[in-house]
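What follows is one structure encoded as structure tokens, with my remarks underneath.
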Amino acid sequence: MAIATRVPLPLPTTLHFKTSLLVLSSTPKNCSTSQGRRRRVVALAATAMADLPRPTVLVTGAGGRTGQIVYKKLKDKADQYAARGLVRTEESKEKIGNADDVFVGDIREAETILPAIQGIDYLIILTSAVPKMKPGFDPTKGGRPEFYFEDGAFPEQVDWIGQKNQIDAAKDAGVKQIVLVGSMGGTNPNHPLNSIGNGNILVWKRKAEQYLADSGVPYTIIRAGGLQDKEGGVRELLVGKDDELLNTETRTIARADVAEVCIQALQYEESKFKAFDLASKPEGTGEPTKDFKALFSQITTRF
Ligand SMILES: NC(=O)c1ccc[n+]([C@@H]2O[C@H](COP(=O)([O-])OP(=O)(O)OC[C@H]3O[C@@H](n4cnc5c(N)ncnc54)[C@H](OP(=O)(O)O)[C@@H]3O)[C@@H](O)[C@H]2O)c1
């Protein structure tokens, strides 16, 4: 009997999908047609997986350094989530694989992001204004480089108007939760980051965070410490409030860990209606964080 007739389609649950794989692995190895059967079952299972009611998650800033990691992690969890990305340019789309689920839009122009947001269940916001270094800086001569923001791409336009546009559109689309990555330092209006390019970046980020917290949509606001391009999953993560972690030695975090927290936040009720600072202990001290429910449960702050 052909295996195809044993696999009920459409398969509505993960359990059925797993069952079909069990059928596959029990196929005798010496059966002359077993390879063909295997291929057919795998194809059927893949079709079935595509039919599963997986929530759709959009990550914006998907071409950015943390956004890329979140997008990839979501793709790696294709049995759990249907991933979507939003990037600003076709070049960024190319950079992350040019898949059909990557949309191009500018968060400053609300109508350009609607196609990406329509029909999503969750939104992860990883867009940010990015300061550029003024030309002519010579590190061999000492001193500090100067930075500027391009016209129209100041934090006010990107971190405030752009995030607000995303929150409004996601709320209209009826999303279940919005995860927003911000930055530590926002409690201090005189924080040095605010003077970069006269952008007041932390002030505008904070305003968007407040807008999200007031939106009525379940939210998770992650205020990251200094971001590092290091391996994730090997450090003990620390959550805090009111920038208290900035007064300690532990105020950095790997982008890969931030990305993981973004995705874990979608899985636990304990992450909702919370805003928190995020950093990590140095590698080799403490226990690498595995229990994210416990991590989110430690947080008591709504803003
Ligand atoms: N750097 C740190 O140490 C630090 C510390 C704490 C928190 N954070 C925050 O953590 C978050 C992630 O940081 P990151 O360094 O991973 O980000 P990043 O690489 O700077 O990425 C930011 C992304 O935003 C996109 N973007 C900017 N303007 C846009 C627009 N108008 N429309 C659509 N997309 C736009 C950029 O796209 P393009 O590439 O096309 O411009 C870029 O992909 C940011 O909010 C950052 O401020 C950073």
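Listed values, structure above:
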quantity	calculated
From the options 135, 131, 145, residue that is in contact with a strand residue (DSSP E or B) (Cβ under 6 Å, 6 or more places away or on another chain) and surrounded by fewer than 16 Cβ atoms within 10 Å (Cβ to Cβ)	145
Selection status of residue 105, near the ligand (Cβ under 9 Å from one of its atoms), touching a strand residue (DSSP E or B) at 6+ places or on another chain (Cβ under 6 Å) and assigned by TED's automatic domain parsing to the domain that holds residue 62	yes
Single condition residue 80 does not satisfy, out of (1) under 28 Å from residue 274 (Cβ atoms); (2) touching a residue at least 60 places away in the same chain (Cβ under 8 Å)	(2)
Helices (runs of 4 or more DSSP H) fully within segment 62-168 counting 3 or more residues that are of a type in the set (D, E, K, R)	65-76, 90-95
Exclusive hit being within 13 Å of residue 183 (Cβ to Cβ), out of contact with any Phe, Trp or Tyr (no Cβ under 8 Å at 6 or more places or on another chain), at pLDDT 95 or above and of a type in the set (Val, Ile, Thr), set 300, 252, 289	252
Residue 154 touching a helix residue (DSSP H, G or I) at 6+ places or on another chain (Cβ under 9 Å), within 12 Å of the ligand (Cβ to nearest atom), aromatic (Phe, Trp, Tyr) and closer than 30 Å to residue 192 by Cα	yes
Any hit, segment 259-276, residues being within 16 Å of the ligand (Cβ to nearest atom), outside any loop (DSSP other than H, G, I, E, B) and free of Cβ contacts under 8 Å to residues at least 60 places away in the same chain	yes
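The values are calculated or read from the model by the stated rules, or taken from the named source; none is laboratory data. Source: prediction; values computed, not measured. All Cβ positions, glycine included, derive from the backbone under ideal geometry; neighbour counts span all protein chains shown.
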